1. Mind giving me the nanometre distance, one decimal, between the label points for Ser63 and Asn125, set 7 Å out from Cα along Cα→Cβ?
2. Could you check the spin-label model distance between His56 and His116? Points 7 Å from the Cα along Cα→Cβ, value in nm.
3. Only four residue types carry charge here, +1 at the Cβ of Lys and Arg and -1 at the Cβ of Asp and Glu. Report the dipole size of the stretch 105-181 about the Cα centre in Debye, rounded to the nearest 20.
4. What ranking of Arg143, Arg170 emerges when the number of other C-beta atoms within 10 Å of each C-beta is taken as an exposure proxy, fewest first?
5. Find how much the distance from Arg86 to Asp174 grows on full extension, using 0.36 nm per residue of separation minus their present alpha carbon separation; answer in nm with one decimal.
6. For a quick check: with amide H placed at 1.01 Å from N, whose amide H comes under 5 Å from Tyr47's, ignoring anything fewer than 5 positions away on the same chain?
7. Given 0.36 nm per residue, what is the gain on full extension from His167 to Asp141 after removing their alpha carbon distance, in nm?
8. Measuring from a point 7 Å past the Cα of Lys39 along Cα-to-C-beta, which residues in the stretch 99-129 have an amide N at less than 19 Å?
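Any read-out appearing in this document is the output of simple, stated calculations on the displayed coordinates, not a laboratory observation. Quick caveat: nothing in here was measured; it's all calculated off a predicted structure. When we count neighbours, we look across all protein chains shown, and the Cβ atoms used for this are built from the backbone with ideal geometry, even at glycine.
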Amino acid sequence: MCRFDESTNRVAAAYYAKDDPGNPSLADTVRPAALENDKIESIIAKYEGKPGALIHVLMEVQSENHWLPKEILSAISDRLNVPLSRVMQVASFYKTFSLTPKGRHRIHVCNGTSCHLRGAGELLNSVQELVGVKAGEVDADARFSLETGCCLGSCTLGPEMIVDGEHHGRLSSDRAEEVLKNYA
Ligand code: FES
């Protein structure tokens, strides 16, 4: 129960499995932007024909796009001459890489025991309402992805939320709204 969603590839496997043309999903609103992104094309072009650069390409695309759609992984496979099975193996091995859609800004709300006792449930409800998605989801504009996780290591500051690596403690619903306004 107490884990970050991106830490398991089963989530990605489930996501890929349900992703078929007859089943439009959130990814359909996220992928076109990735496929039309000139920066991603230039990243792949920079390493064309260089199989040894696979991790570099994946890291740069992850940084640019925040996750790795399967069409992009196929393009990387073709252009770097690396079997798709190898690309998938590397992309699913490292936690740095995400095979599920992520927003430009990543929100983690702590649901550890201490934060729970200090009102994490109420905070999570407020954040879900503010960003319009539930934990484990990304919004249609790919602005925010929301996750919950166990203790973030600063229990005395609970309830706590991290946005893009920045800790925000003792958060009320009003304060959470103020914080999230800073992330476009
Ligand atoms: S329980 Fe939330 S930071 Fe420790």
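1. Those two pseudo-labels are separated by 4.1 nm.
2. Between His56 and His116, the simple spin-label model gives 4.6 nm.
3. With Lys and Arg at +1 and Asp and Glu at -1, about 200 debye.
4. Ascending number of Cβ neighbours within 10 Å: Arg170, Arg143.
5. On the way: separation 88, 0.36 × 88 = 31.68 nm, distance 4.65 nm.
Separation in residues times 0.36 nm, less the Cα-Cα distance, equals 27.0 nm.
6. Long-range HN contacts for Tyr47: none found.
7. Stretched fully, the His167-Asp141 segment lengthens by 7.0 nm.
8. 99-107
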